[in-house]
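Readers should treat all values here as calculations from the given coordinates under stated rules, not as data from a laboratory. Remember, predicted model here, so these are calculated numbers, not experimental data. Using ideal geometry, Cβ is built from the backbone for each residue, glycine included, and neighbour counts are taken over all protein chains shown.
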Amino acid sequence: MGNSKSGALSKELLEDLKLNTRYSEQELCRWYESFRKQCPDGRISRAEFERIYGNFFPNSDPQVYARHVFRSFDTNGDGTLDFREYIIALHLTSSGKTHLKLEWAFALFDVDRNGEVSKSEVLEIVSAIFKMIPAEEQKLLPEDENNPQKRADKLWAYFGKGDNDKIAEGEFINGVMKNDAIMRLIQYEPKK
Ligand SMILES: [Ca+2]
Ligand SMILES: [Ca+2]
């Protein structure tokens, strides 16, 4: 990947990221510097990622979810996040643009990366989301979405799907864009 010993950001990668994200050259160089400081070998391992993720959810168990998030960021599937994957992840998830976030959400739900989401994949991600919701917050959830199965059923019903149907990316993104209730069901925002 042309990682020189000096650790400088290569021109190709810089151009690539300028083209594919909203970040400026200055921002990218700054991100790169701090990335290399924290990851001298230029990669974030899955274990390291899970550890960092865990710090944000001290009162619950985000490990399974973190594993899925890692998988969705590790686009080349080599088990580590390089700087490019890290920046693209940041670009997708921290953007104010709903469409970008949903592109990422689709990748998160498409566990086997076959380009469509099945009901069992929805159940798998929703179950991981539930592990992040502290017990006392779970008690306050509406009756028809207070466990993973119910929530998966509800989501699936919003899309008007039968148990063996699949959801394609465009359908997923459009469906969530049109329905705030689905948006709420596919994520968990910790209470401050
Ligand atoms: Ca990777
Ligand atoms: Ca799939």
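Things to note:
- Set of lysines near Lys191 by C-alpha distance (under 17 Å), chain-local residues within fewer than 8 positions excluded: Lys131, Lys139
- Descending Cα extents along the principal axes, the chain, whole Å: 56, 35, 27
- Residue (of Ala105, Tyr53, Gly115) at the positive-pole extreme of the chain, dipole from beta-carbon charges: Tyr53
- Cα-Cα pairs of region 41-129 separated by more than 23 Å (percent): 21
- In summary, the lysines within cross-link reach of Lys119, defined as a Cα separation below 18 angstrom excluding same-chain residues under 8 places away, comprise Lys150, Lys154, Lys161, Lys166.
- Debye, to nearest 20: dipole size of the chain, +1 on Lys, Arg Cβ, -1 on Asp, Glu Cβ: 500
- 222 nm mean residue ellipticity, helices alone, for the chain (DSSP H n ≥ 4; -39,500 (n - 2.57); rounded to 500): -17000 deg cm²/dmol
- Bins of 5 Å, starting at 0 and running to the largest distance - Cα pair percent for region 98-187: 3, 14, 27, 27, 17, 9, 3, 0
- Extension reserve of the Gln63-Ala168 stretch, reckoned as 0.36 nm per residue once the Cα distance is removed: 35.1 nm
- Net charge contributed by nearby residues that have their C-beta within less than 13 Å of Lys161 (K/R +1, D/E -1): -3
- Given charges at beta-carbon only (K, R positive; D, E negative), |dipole| of region 98-187 in Debye: 140
- Euclidean distance between Cα centres, region 122-150 to region 82-112, Å: 22
- Given charges at Cβ of Lys, Arg, Asp, Glu: the chain dipole, positive-most of Leu28, Val64, Asn179: Leu28
- Dipole check for region 12-94: with +1 at the C-beta of Lys and Arg, -1 at the C-beta of Asp and Glu, and the Cα centre as origin, the magnitude is about 240 Debye.
- 16 Å Cα-Cα reach of Lys37 towards lysines, excluding residues that sit fewer than 8 places from it in its own chain: Lys5
- Only helices reaching 18 angstrom along their own axis (Cα) with mean Kyte-Doolittle hydropathy no lower than -0.5 count here, and for the DSSP H runs of the chain these are 119-132.
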